[in-house]
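Each remark here refers to the structure printed beneath this line.
The values are calculated or read from the model by the stated rules, or taken from the named source; none is laboratory data. Since this is a predicted model, take the numbers as computed values, not measurements. Cβ sites come from the backbone with ideal geometry, for glycine too, and all protein chains shown count toward neighbours. For the accessible areas, the whole protein counts, side chains as well, though only heavy atoms, and no ligand, DNA or RNA atoms are used. Shrake-Rupley method; radii C 1.70, N 1.55, O 1.52, S 1.80 Å.
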Amino acid sequence: MDRIIIHGGNRLQGTIHIGGAKNAALPLLAACLLSDETLVLSNLPHLADISTMAHLLADFGVDISMNGDAGNGGNIGRTFELNAGAVVETTAPYDLVRKMRASILVLGPLLARFGKARVSLPGGCAIGTRPVDLHLEALAQLGAEIELDDGYINAKVNGRLKGAHIIFPMVTVGGTENLLMAATLADGETVLANAAREPEVSDLARCLVAMGADIEGIGTDTLRIRGCDHLHGAEHSVVPDRIETGTYAVAAAVTDGDLLLKGTRLDLIESVADILRKAGVEITDTGDGLRVRRASGGIRGIDVTTEPFPGFPTDMQAQLMVLAAVADGASTITETIFENRYMHVPELTRMGADIHVHGSTATVRGGGGLKGAPVMATDLRASVSLVLAGLAADGETSVSRVYHLDRGYERLEEKLSACGAVIERIKS
Ligand code: UD1
C-alpha cells in the first residue's frame, strides 16, 4: 500500500489550482441517466470516486467519452460527454456500491426514467452508520414501491412517479439530490422542504434546469419541482471544490505560508473563512480566487460546531482540528452531522496534539507543537488532516493507507510540493 512521507516545517508559498467539486460531480454524473440526450460535464476532477461512478454508469450502458484531458499542467478539469440513450441495465452491484456510498445517487434517476432500479445497500462506513432510510421514505412518497432483499434495494413504480410534498426530518445532502433528480421526471409538482442547501445541491439543480427541468427555490431549503416528460441534453461546468479550497487554506495557515488558491470562490466557504479569520488567518478575494496567509500574530483558539450549509462543514472538521492543535490556547470542536467522526484524533495525538473528546465535542489545547510520526489514514478528510499535521510538524511523518486521499484530492503531493512542501509518495 502506498505511503506519503512528509518532512514538515516548510512555509508553503505559491499558487494552487482548485478543481471541480467531487461531491457536485458525483450527482451530476448520475443526472445523465435522466435523459436520452448527451450531457456534457466539464471541470470534472480526476479522482478515484469519479472513475467509480463512470464505471457504474458504463455498466448500465451509458456511453461515455472523455474530451480532452486536464490541460494546463493538469489544472483544467476533464470533460465527459455522457449519453444514456441506450441503457440496458438498472442494477448497481455491491462490488461498486461498497467502494463508494454515493452510488446510491443513481437510484432516483433510474427509477424516474426507467420505472425500476436495483441498488445494493451501501452499508456502514468508517464515519458512522450512514443509513439511506430518508432517501427511501421520500421516494416511497413519490409512489415508489421499495423492498429490501439480499442486501439490495429493489425499487419500482407503475407508470411515472407522482409529485408529493416531502418534508425531510433531517437535512440530507444525498437524499435531497436523489429526490431532486427523481422529481424532475415525476407527474406533477414536488416540494422538498428542509432540503439541503449545500452548493453541490444548487449546482445539480442548475444543471437540471439547463436540461429543461422546472425548479424553483434553488439555494433555499424549499425546492419546488414541476415534473416534465423529458429532459434534454445540456452542458455544465462543475462548481469549484469548497472542501479542497478550505483544506489548502488551512495548509497555508498551519505552515505560516502564503497561498493563492485559483479558480475558487469566497461565497462557497464563508463559514470556513469566518472561523479562519477568527483564528488569525487573512483571506482576500482576488477576483479569480483567494489569497490566504497568516495575519501578523499567532493562531488563536476557536470554537466551532459542524452544521449543514451554510454552517461549518463536517468535511472540514478534521482539517480545522490541526489548526486548533497549532493554535495558542484552547479550542472546542463539536461534530453534529456524523457520529464517530473523530478517527483522526488518536493519530493526531500520536503526533503530540493535546485533544480530549467528550461525547461529540473535542477540546484541543494548542501551543505544544506537533512532531512527525508514522500515522494511519482512516477516511478521506481524516487522511488529509494527517497530511496537514505533517506539514506543520517537526520531523518526518509517514501517512499510510493513502488510497483514501485519492478519492478526494487530485494530485495532492504535486500541488503541495510546487509550493515548497517536502512530500513524496512511496509506491509499494
Ligand atoms: C454528503 C457528502 C459528504 C458530507 C455529507 C454532509 C457527498 C458525496 N458526500 O454525504 O462528504 O460529509 O454530505 O455534509 O456529497 N442520514 C440518515 N438517513 C439518510 C440519509 C442521511 O440518517 O437516509 C444521516 C446521516 O447518517 C448523517 C446525516 O444524515 O448523519 C447527513 O447525511 P447526508 O447529508 O445524507 O450525507 P451524504 O449525502 O451521505
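How many residues, within the stretch 162-178, are of a type in the set (A, V, I, L, M, F, W, C) and either in contact with a strand residue (DSSP E or B) (Cβ under 8 Å, 6 or more places away or on another chain) or surrounded by 22 or more Cβ atoms within 10 Å (Cβ to Cβ) (or both)? The number of residues fulfilling the criteria is 4.
Residue count for the stretch 399-428, restricted to those that are closer than 16 Å to P346 by Cβ and at pLDDT 90 or above: 2. Checking each residue in the stretch 283-311 for being within 16 Å of the ligand (Cβ to nearest atom) and over 16 Å from the mean Cα position of the chain (by Cα) picks out V304, T305. Of the strands (runs of 3 or more DSSP E) entirely within the stretch 312-394, none holds at least 3 residues that are buried (at least 18 other Cβ atoms within 10 Å of the Cβ) and either at positive phi or within 16 Å of the ligand (Cβ to nearest atom) (or both).
Annotation: of all residues in the stretch 98-122 being in contact with a helix residue (DSSP H, G or I) (Cβ under 7 Å, 6 or more places away or on another chain), away from the ligand (no atom under 11 Å from the Cβ) and more than 23 Å from G85 (Cα to Cα), the one that is most open to solvent (accessible area, probe 1.4 Å) is K99.
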